[in-house]
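Read through the structure below, which is laid out as structure tokens, and then see the notes.
The values are calculated or read from the model by the stated rules, or taken from the named source; none is laboratory data. Source: prediction; values computed, not measured. Glycine also receives a Cβ, built like all others from the backbone with ideal geometry; neighbour counts cover every protein chain displayed.
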Amino acid sequence: MAEVTLRGFGWRHAGRRAWAVRGVDLRIAHGERVLLLGPSGAGKSTLLAALAGLLAEDSGEAEGTVEIDGLDPRKARERVGVLFQDPETQLVMSRCGDDVAFGLENRGVPAAEIWPRVDEALARVGFGHGRDRLTAALSGGEQQRLALAGVLALRPGLLLLDEPTANLDPAGAALVRGAVARALDADTTLLLVEHRVADALPLVDRVVVLEPGGGVAADGPPGAVFAAHGAALAEAGVWIPGHPVAPRRAAAGPGEVLVRAAGAAVAGRLRPADLTAHAGEVLAVTGPNGAGKSTLALLLGGLMRPTSGAVEAAPAGAPHRWRAAALTTRIGSVFQDPEHQFVTHRVADELALGPRRLGRPAAEVDRVVAGLLDRLRLTRLAGANPYTLSGGEARRLSVATALATAPRLLVLDEPTFGQDRRTWIELVDLLAGLRDDGHGVVAVTHDADFVAALADREHRLAR
Amino acid sequence: MTALLPTFQASTAPLGRRNPVAKLAAAVLFTAPLIATLDPLTPAVALAVELAALPLFGLRPAELARRAWPLLVAAAGIVVTLVLFAAERTGALVVALGPFDVTTGVLWLALGMALRIVAIALPGVMVFATTDPTDLADALVQNARVPARFALGALAAFRLVPLLGQEWQLLAMARRARGLDAGRNPAARLRLFASTAFALLVGAIRRGTRLAVAMDARGFDAGTPRTVARRQRFTAADTALVVAAPALSAVIVAVSVVTGVFRPLIG
């Protein structure tokens, strides 16, 4: 049982000019199940961190009040459980049972009660393995389910879920949603942040919409909120049911072959694959986790050598033998995690790096950088450190860096992962435009909507 | 690095299943006296004792060899280095390798050093090969009064170590995709290495921070006295092991002193 009250709440992280969240008035009663929505940058995660008591007093400036059962959240930590996005950094112990027991030990639960409570929590989330199972042997969805059991074992009155399925493939996400649905009872107050609203709706009975810097924009039962604000929310980037995205079909047929894999395989990671990618075509590579999709993307991108078979790319030869600078003019690779590809300290330098390595004249470099900043709505951030960008901004930048050297072929690994609707549509439009300009696009993806909206052809890998 | 990888087999052998803290203390106490001597016979006897104890730890020689090979490489390296470069060249000439006079004195010294390295490090390898890291952390907290914040924090961080190898590979490929490669230029190679290492470090710190937040969210910083789900016991047999190890070692050193083979490190 827990009740949440926010009055004029605001928080500004130390060293930032803008408030992360401001002017929030909200009351959540015992046992209510609330979906918290809002575009990127509306402060949803900050609000959750405040409720979890994880905003240290000296790490920023507060405004208004936030209370859980009348207490400062920093003093009500025992009443609150949090599940974060990334399963890998939530598991502490190497065996599943030990991991669930970890929180109970911390809270000083008597030793005799620990194991019964561990078993109860594992059963509550429908965990299918024994206590001795190694956490490293679990899939992402199972890991996240285990992390949920670790949170529930502490019997929190308030459960906070911060996009718990954003890093998971569709099967893993379904697993976690199932576990949450199973675990909820009348005594648990739920606050859930989730981009994909349709998936989250069965879990909640109330929707609260935050506006960047503007407090609560809408509040009420899901049906009423979406009827009144659906279009505006979709426009702002929230995935609202009933607002489909129109497909972008190719204007012309495919052109010449840009890359060809002939029986290309990597021992232990990818079974022999045959595939060709053409100019003026979007090819989607799909398949279950563990089928080697990302490895195939690395082979096509000239970043890895096949252990058997061959990869040939235009103009000639095996791309993994090319010098890096030459590679960037022919094939651009965009990684799943944008931060892996950042190597400078400013957004503008990130874009200038490729053209400079090719020895392009300064004036031309400036023109390319300015053009890309404008095209991908990054001009305002030209001087920012790439590591401080939001998920959507970082994704746009990582695509822009690949485009800076104008390669004919673009290979992307899960480009739409965890993106809000607005960035998603921008990416689809951008890639459709590149295709119609005669570029080839290969995208490894789990995202069925993305395949439906953009792909001209689908290559499915089997495990 | 095979010896450092977080693999182990939970042991049921008489010494293998002793309390991890007792095993660790025994290993340290057994090897400490061996540092004092330069002769090859003392560590050779100690090594023989260690190898004789292998079955008591439930370790097969092949398993030990798989884990301890870096140690043998290090020992071989020491022999080669000393044979070539040792300043003191006493004793009879065995063979002249070009400018290097290999004498009995040099060989004796090199052999002593190599055996010392192996004899001192091997017990550590034996302990870690038969100890579950979770049990070690538990025992450190419960039996050696190491703060839980340190022992369990280190244990959790340890779990992330295998990820670093994959991460390095990914970062290196991501740099190539950005047009960065070093070719044959050693300076460029060093710069690229440094920048990749820095990115790895930044990523590791971020991941570590996220893990720390998740741990604190589950009450790790609560300050209430922790209870333990897995009780580690320190029994009379564990005490006996901790007492017997240095006693055995002292006997070995005493015998080498009495028989006159002992060559003190200092003096």
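Tabulated data
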| item | result |
| --- | --- |
| Complete set of residues in the range A:98-152 that are of a type in the set (Asp, Glu) and not in a helix (DSSP H, G or I) | A:ASP132 |
| Some residue of the range A:71-88 being hydrophobic (A, V, I, L, M, F, W, C), farther than 22 Å from A:ASP187 by Cβ and touching a residue at least 12 places away in the same chain (Cβ under 8 Å) | yes |
| Checklist (1) surrounded by 13 or more Cβ atoms within 10 Å (Cβ to Cβ); (2) within 13 Å of chain A (Cβ to nearest Cβ); (3) not in a helix (DSSP H, G or I) applied to B:VAL261, failing item | (2) |
| Test: B:ALA92 is small (Gly, Ala, Ser) and in contact (Cβ under 8 Å) with a residue 40 or more places away in the chain | no |
| Failed item, numbered, when B:ALA250 is tested on (1) more than 23 Å from the chain's Cα centre (by Cα); (2) exposed (fewer than 14 other Cβ atoms within 10 Å of the Cβ); (3) at pLDDT 90 or above | (1) |
| Subset tally (residues that are farther than 11 Å from A:SER94 by Cα and either of a type in the set (Lys, Arg) or not assigned by TED's automatic domain parsing to the domain that holds A:ARG182 (or both)) for the range A:114-141 | 2 |
| Test: residue in the range A:153-162 that is part of a helix (DSSP H, G or I) and touching a Leu at 6+ places or on another chain (Cβ under 9 Å) | no |
| Single unsatisfied condition, A:PRO87 versus (1) under 30 Å from the mean Cα position of the chain (by Cα); (2) surrounded by fewer than 24 Cβ atoms within 10 Å (Cβ to Cβ); (3) more than 7 Å from chain B (Cβ to nearest Cβ); (4) of a type outside the set (Lys, Arg) | (2) |
| Exclusive hit being touching a helix residue (DSSP H, G or I) at 6+ places or on another chain (Cβ under 9 Å), within 11 Å of chain A (Cβ to nearest Cβ), surrounded by 13 or more Cβ atoms within 10 Å (Cβ to Cβ) and under 30 Å from A:PRO306 (Cα atoms), set B:LEU155, B:LEU170 | B:LEU170 |
| Subset of the range A:49-75 that is among the small types (Gly, Ala, Ser) and assigned to a helix (DSSP H, G or I) - its residue that is farthest from B:GLY219 (Cα to Cα) | A:SER59 |
| Members of the range A:119-135 that are out of contact with any Asp or Glu (no Cβ under 7 Å at 6 or more places or on another chain) and over 18 Å from A:ASP185 (Cα atoms) | A:GLY128, A:HIS129, A:GLY130, A:ARG131, A:ASP132, A:ARG133, A:LEU134 |
| Spans of strands (runs of 3 or more DSSP E) in the range A:214-282 with at least 2 residues within 30 Å of A:ILE331 (Cα to Cα) and at pLDDT 90 or above | A:257-266, A:270-278 |
| Residue match in the range A:151-159 (condition: away from chain B (no Cβ under 14 Å) and touching a strand residue (DSSP E or B) at 6+ places or on another chain (Cβ under 9 Å)) | yes |
| Selected residue (criterion: surrounded by the fewest Cβ atoms within 10 Å (Cβ to Cβ)) from residues of the range B:129-139 that are more than 11 Å from chain A (Cβ to nearest Cβ) and at pLDDT below 95 | B:ALA129 |
| Only one of B:ALA172, B:ALA197, B:ALA222 that is in contact (Cβ under 8 Å) with a residue 12 or more places away in the chain, not assigned by TED's automatic domain parsing to the domain that holds B:LEU34 and not hydroxyl-bearing (Ser, Thr, Tyr) | B:ALA172 |
| Meets criteria (hydrophobic (A, V, I, L, M, F, W, C), facing chain A (nearest Cβ under 9 Å) and farther than 16 Å from B:PRO225 by Cα) for B:ALA148 | no |
| Matching option when the condition is touching a helix residue (DSSP H, G or I) at 6+ places or on another chain (Cβ under 7 Å), more than 9 Å from every other protein chain (Cβ to nearest Cβ) and surrounded by 18 or more Cβ atoms within 10 Å (Cβ to Cβ), among A:GLY332, A:GLY292, A:GLY280 | A:GLY280 |
| So B:ALA62, is it at pLDDT below 90 and surrounded by fewer than 17 Cβ atoms within 10 Å (Cβ to Cβ) | yes |
| Meets criteria (surrounded by fewer than 18 Cβ atoms within 10 Å (Cβ to Cβ), polar (S, T, N, Q) and more than 16 Å from B:ALA177 (Cβ to Cβ)) for A:THR344 | no |
| Number of positions in the range B:213-247 that are closer than 23 Å to A:ARG131 by Cα and more than 9 Å from chain A (Cβ to nearest Cβ) | 2 |
| Some residue of the range A:82-89 being part of a strand (DSSP E or B), in the same structural domain as A:LEU158 (by TED's automatic domain parsing) and under 27 Å from A:TRP424 (Cα atoms) | yes |
| For B:VAL106: the one exception among (1) in contact with a helix residue (DSSP H, G or I) (Cβ under 7 Å, 6 or more places away or on another chain); (2) of a type outside the set (D, E, K, R); (3) assigned to a loop (DSSP other than H, G, I, E, B); (4) over 30 Å from B:ALA13 (Cα atoms) | (3) |
| Candidate set from the range A:370-396 (those that are within 15 Å of the chain's Cα centre (by Cα) and of a type in the set (A, V, I, L, M)); member that is nearest to A:ALA166 (Cα to Cα) | A:ALA394 |
| Output for the range A:27-45, where each listed residue is closer than 24 Å to A:ARG177 by Cβ and not small (Gly, Ala, Ser) | A:ILE28, A:HIS30, A:GLU32, A:ARG33, A:VAL34, A:LEU35, A:LEU36, A:LEU37, A:PRO39, A:LYS44 |
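So that you can scan it fast, the table gives a plain yes or no per residue for (1) closer than 20 Å to A:ARG79 by Cβ; (2) under 16 Å from the mean Cα position of the chain (by Cα); (3) at pLDDT 90 or above:
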residue: A:ALA173; (1), (2), (3): no, yes, no
residue: A:ARG182; (1), (2), (3): no, no, no
residue: A:THR189; (1), (2), (3): yes, no, yes
residue: A:HIS195; (1), (2), (3): no, yes, no
residue: A:PRO202; (1), (2), (3): no, no, yes
residue: A:VAL209; (1), (2), (3): no, no, yes
